[in-house]
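The block underneath contains the structure these notes are about, expressed in structure tokens.
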Amino acid sequence: MRRPWGTNRCQGGGSMRIEDYALIGDMQTAALVGRNGSIDWLCLPRFDSAACFAALLDEPRAGRWLLAPADDRATATRRYRDDTLVLETTWEADGGCVRVLDFMPPRVEAPDVVRIVEGVRGRVDMRTELALRFDYGSIVPWTRQDGGELAAVAGPDSAWLDAPVPLDEHEGTGTARFTVARGDRLPFVLTWQQSWLPRPARVDAFTALDDTERTWTGWLRDCAYQGGRYREAVRRSLLTLKALTYAPTGGLVAAPTTSLPEQIGGGRNWDYRYSWLRDASFTLRAMLKAGYEDEARAWRDWLLRAVAGDPADLQIMYTLDGTRRIPEWRADWLCGYEGSRPVRIGNAAYAQVQLDVYGEVLDCLYQGRKAGLRHDDAAWDLQRSLMDYLEGHWRDPDHSLWEIRGPRRDFTHSKILAWVAADRMVRTVESGDHGGPADRWKALREEIHREVCERGYDPDHNTFTQFYGSRGVDAALLLIPRLGFLPPSDPRVAGTVEAVRRELGRDGLVLRHRHDLDNLDELTGGEGTFLACSFWLADALALLGREEEARELFERLLGLRNDVGLLAEEYDTAARRQVGNFPQAYSHLAVVNTAAALEAGQAVPNTER
């Protein structure tokens, strides 16, 4: 396909490492700001909308907004201002020092990106370049000067840059050079709106800065995690999770990006800008432990709305508003991050069969009920319908929680989550909250347990296996004691933990599974170590009473965060860099949950068998 900006040469994006980016957002969408002062990724108006800045997955001509010293030799340090999502980058250059504040104010009428340049010392020559490229870099808009602003429009998108300096416009790109002296405060505000609507009211950048700081610090003021050894890591992860929550519905996006590769140059590049049911119980647990009952309830309510309907139609993921169809296609005009192609938009895995999601949903609702999030009778009716369906289908093969694009198998973790579903339903009835056929569900629970222990366990190697008859293991098996399927004292648990470390360990971290065994899937290429699974290993070690090892691993994982406390999905131990979509909710959920368990002195399983 012809590249829309006039060249078919593909050099590949990714002039910076993934960890060189920081996140700003308004709880409806998010942008990635590079260490070089360039915003290289932004989708408007929602997380899952088309990107207007896509340089992250190609070259600057695919869209970006640069704001930095004109001297390339200037050096930058950055941080988030206190407990906020306001990014502060301080540049040291010949002749002086400047500070740039980047943030997105909580949305009122339309999304805004605000950048304030402050003179700290001396005088610094600055430059800015705004290249809006709608629809993932494929559309160069018509730009013009309009009342002192740079205005851009194309199809359904329009945008305005309100700048304190005159801008030159050429072929859809606005540029300026200017000088900042000590004491100067120069605000730049980019505003988006649907093209058939009038320009939204202009935002006062300095008022917006105060409002944004109050919003974030006020939210975190209610956090139950006020002290402790891991306070900074937990609070930054909670802020990140809040930023990845779509405020209108309560849905949590897995990541704000698409197609950041699991292996540089590889093809395992997926769109993560959706909400996964597999995150359900982890999200609920993290929010409740942190004292955020409203957020936990909003997520629970999103979950109930999303899964309502025929239980046979239950999906593994939905859009942020619960839309079910997420067709997958390729943006072939984009070169991909560091040449990692294809760039995928949408995610065909939404149509996969993954039986574990039934257990995830029922466990989430059970945990919420235990924590005092009351459900009405309609919610219980929905749970019973999900359980009725699972009773007749738990033996079906599926694609596993890892969304393997290959033959369906009898994945052990999926069967264990079917046991979890039956167990939680039994416990709900026994608590007296609701009525149901507890004896029948108890019999099913025992039947599933017996089969998993017979067919999913390899006695010769003292480990549970990835699927029935498999030669390999799966990092999801680390969750066995935490789910309550077996107590930590069972020798099969210790054997499985050691097998996972032995077979999937890479420099102390953990792969999800091995692609080179059992013809697992149809894709080529590998992936990095999966950070959430590595946190699960720390949890399992703590449950086995090996707390020192658990803390050592946990603190090593915290050391992999970038300079502003963010984690991607995976880590390449050979190249020593983050890989996969960024920042990843699953990784930050694991930070919160593992820290809470270790701070409590032990990792506590959901139930004891």
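The values are calculated or read from the model by the stated rules, or taken from the named source; none is laboratory data. All figures in this text were calculated on a predicted structure; none of them were measured in a lab. Here the Cβ is made from the backbone with ideal geometry for all residues, glycine too, and neighbour counts use every protein chain on show. Protein only, heavy atoms only, side chains kept; ligands, DNA and RNA dropped before computing areas. Shrake-Rupley method; radii C 1.70, N 1.55, O 1.52, S 1.80 Å.
Some notes on this structure:
- Prolate/oblate/rounded call for region 463-601, Cα gyration tensor, a/c under 1.5 rounded: oblate
- The candidate values were [x] 79, 60, 58; [y] 74, 47, 46; [z] 72, 64, 53; the one computed from these coordinates for Cα extents along the principal axes in Å carries the label [y].
- Cα centroid separation - region 460-498 against region 232-300, whole Å: 27
- Rounded to the nearest Hz, the phi-derived 3J(HN,Hα) couplings of region 179-196 under the Karplus curve 6.51 cos²θ - 1.76 cosθ + 1.60 (θ = phi - 60°) are 10, 10, 10, 3, x, 5, 9, 10, x, 10, 10, 9, 10, 10, 7, 4, 5, 8, where x marks glycine and proline.
- In this rough spin-label picture, where each label sits 7 Å from Cα along the Cβ direction, the GLU446-ASP563 distance is 6.1 nm.
- Relative contact order of the chain, taken over Cα pairs closer than 8 Å and 6 or more residues apart, is 13 percent.
- The stretch between ASP516 and ASP222 holds 101.1 nm of extra length on full extension. This uses 0.36 nm per residue minus the Cα-Cα distance.
- Separation of the ASP490 and ARG506 label points, Cα + 7 Å toward Cβ, nm: 3.0
- Per residue, in Å², the accessible surface of region 38-166 once ligands and nucleic acids are set aside, probe 1.4 Å: 33
- Charge dipole (the chain, unit charges on Cβ, about Cα centre) - positive-most of THR143, LEU386, VAL153: THR143
- Cα-centre dipole for region 314-379 with unit charges at Cβ (Lys and Arg positive, Asp and Glu negative), debye to 20: 80
- The residues of region 314-383 expose, per residue, 34 Å² of accessible area to a 1.4 Å probe.
- A crude spin-label estimate for the pair VAL165 and ALA575, with each label 7 Å from Cα along the Cβ direction, gives 3.4 nm.
- 20 Å reach of a label modelled at ARG121, 7 Å along Cα-to-Cβ, counting backbone N of region 151-185: 179-185
- 3J(HN,Hα) couplings calculated from phi for region 534-546 with the Karplus curve 6.51 cos²θ - 1.76 cosθ + 1.60 (θ = phi - 60°) are, in sequence order, 5, 5, 4, 4, 4, 4, 5, 4, 5, 5, 7, x, 9 Hz; Gly and Pro show x.
- Charging the Cβ of each Asp and Glu at -1 and of each Lys and Arg at +1, and nothing else, the dipole of region 151-272 about its Cα centre rounds to 620 debye.
- Where ASP112, ASP210, ASP71, ASP294 fall by accessible area, highest first, once all protein chains stay in place (1.4 Å): ASP294, ASP210, ASP71, ASP112
- Amide H to amide H, with H built 1.01 Å from N, VAL120 comes under 5 Å of CYS97, VAL98, ARG99, GLY183, counting only residues 5 or more places away or on other chains.
- Of the residues ALA499, THR412, LEU509, the one whose Cα sits farthest toward the positive end of the charge dipole of region 412-518, with +1 on the Cβ of Lys and Arg and -1 on the Cβ of Asp and Glu, is LEU509.
- Loop-located trypsin sites (Lys or Arg not before Pro) in region 51-98, at most 15 other Cβ atoms within 10 Å (DSSP): ARG73
- From phi via Karplus (6.51, -1.76, 1.60), per-residue ³J(HN,Hα) for region 288-304 in Hz, x at Gly/Pro: 5, 5, 7, x, 9, 5, 5, 5, 4, 5, 5, 5, 4, 5, 4, 4, 4
- Which of HIS399, GLN367, ALA542, positive extreme of dipole for the chain (C-beta unit charges): ALA542
- Accessible-area composition of the chain, carbon plus sulfur, in percent [1.4 Å probe]: 46
- Distance from the C-alpha centroid of region 96-143 to that of region 324-401: 37 Å, rounded to the whole angstrom.
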